[in-house]
Amino acid sequence: MLPHPTLATRYATPEAKPEYVNRLFDRGAKHYDAVVDWGFLRSGASYRRWSLQQHGLLPGDHLLDVACGTGLVAVAAAKILHTADNITCLDASTGMLDVARTKLAARFVLGRAEQLPLPDQAFDFLTMGYALRHVTSLEDTFREFHRVLKPGGKLLILEVTKPTGRLAGFFFRLYFRHLYPLLTRLFTRSDDARDMMRYYWETMDACVPPALVLAALQSAGLTETKRNTVLGLFSEYTAVKARPGDLPLPTEF
Ligand SMILES: C[S@@+](CC[C@H](N)C(=O)[O-])C[C@H]1O[C@@H](n2cnc3c(N)ncnc32)[C@H](O)[C@@H]1O
């Protein structure tokens, strides 16, 4: 299942999506941190750290941060782990990875979420921040997450989700569709950065509903699948790779 239908104004076929997305992030990489910093009212670093703590990241854990981008989740994780030694950061964009490398002494891997070039059962904790909309298959991605997690390992996926209420939906659209790309262009003077933020909106607008994300997590064999929402806007999808002999737990919506 695709996380959103093909966006024909951006790329012609589903096969063309990875190249399009890579180019978008390669070009926008140098602006990404500044744009998401003020765009989310400077809350991004503390929210990422708080969420990792809430969902059980512990010192000593081996962490894989998939779609690490410029390293915002990994930097927050290193503060909890007190080191970056056990952090592996993976991304499909060399431009984004180049920025991340300047921030922490983790292991960096160029690769795709759908086909992780990493061994089985290697990680205690796996994160993916604001990138689920960019993969080409939810099932392939979640199967890979299940494969590389150790039994008992935890998954945390952070996303921004369009609110369902009319009023909240109106302001969400006003901000992410119109104001955010406009302000991005004004502050960065970069068409590439504006384009990155326009695409951000388009993919959120077209994204499959949370229930389908949870169903795909379950069908990949993950258990204790849950979605927690913060301010009705931020989705935190969590799941666990069961240990042999664990009884399956139901999904929560
Ligand atoms: C919006 S950025 C998120 C960066 C970071 N995780 C954060 O919390 O800000 C999305 C990232 O996903 C990466 N990406 C897109 N498709 C990917 C894929 N299939 N596999 C791995 N990374 C991917 C992009 O290169 C980009 O760095």
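Quick note: the coordinates plus some simple rules give every number you see, no bench work behind them. Just so we're clear, the structure is a prediction, and the values are computed from it rather than from any experiment. A quick note on method: Cβ atoms are made from the backbone with ideal geometry, for glycine too, and the neighbour counts reach across all protein chains shown.
Numbers at a glance
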item: Crossing angle, helix 72-81 versus the chain [Cα axis fit, 0-90 degrees, rounded to tens]; result: 40
item: The stretch 170-185 versus the stretch 67-128: alpha-carbon centroid distance in Å; result: 29
item: Charge context of His178, other residues only, Cβ under 13 angstrom, K/R +1, D/E -1; result: +3
item: Cysteines, the chain, no other Cys beta-carbon under 4.7 Å; result: Cys207
item: GNM top mover of Asp37, Asp205, Asp124 - the chain, alpha-carbon springs below 10 Å; result: Asp37
item: Low-density loop positions, trypsin sites (Lys or Arg not before Pro), the stretch 153-253 - DSSP coil, at most 12 other Cβ in 10 Å; result: Arg189
item: Relative contact order (percent, whole number), the chain, Cα cutoff 8 Å, 6+ residue spacing; result: 19
item: Distance (nanometres) between label positions extended 7 Å along Cα→Cβ at Tyr20 and Lys103; result: 2.7
item: Helix axis angle, 138-148 relative to the chain longest principal axis, alpha carbon, degrees; result: 40
item: Orientation-averaged projected area, Cα convex hull of the stretch 11-166 (nm²); result: 10.0
item: Eligible lysines near Lys103 by straight Cα distance, threshold 26 Å, same-chain separation 8 or greater; result: Lys30, Lys79, Lys154
item: Length added when fully stretched, Val230-Leu110, from 0.36 nm per residue minus Cα-Cα; result: 40.1 nm
item: Cα long-axis angle, helix 191-206 against the chain (0 to 90 degrees, to the nearest 10); result: 60
item: By average C-beta atoms within 10 angstrom, highest first, the peptides 211-218, 24-31, 71-78; result: 71-78, 24-31, 211-218
item: Gain on full stretching of the segment that runs from Thr13 to Gln121 - 0.36 nm per residue minus C-alpha separation; result: 35.5 nm
item: Spatial extent of the stretch 19-75: Rg and Dmax, with the Cα atoms as the point set, Å; result: 13.3, 37
item: Dipole magnitude of the stretch 179-225 about its Cα centre (Cβ charges: Lys, Arg +1; Asp, Glu -1), debye to nearest 20; result: 200
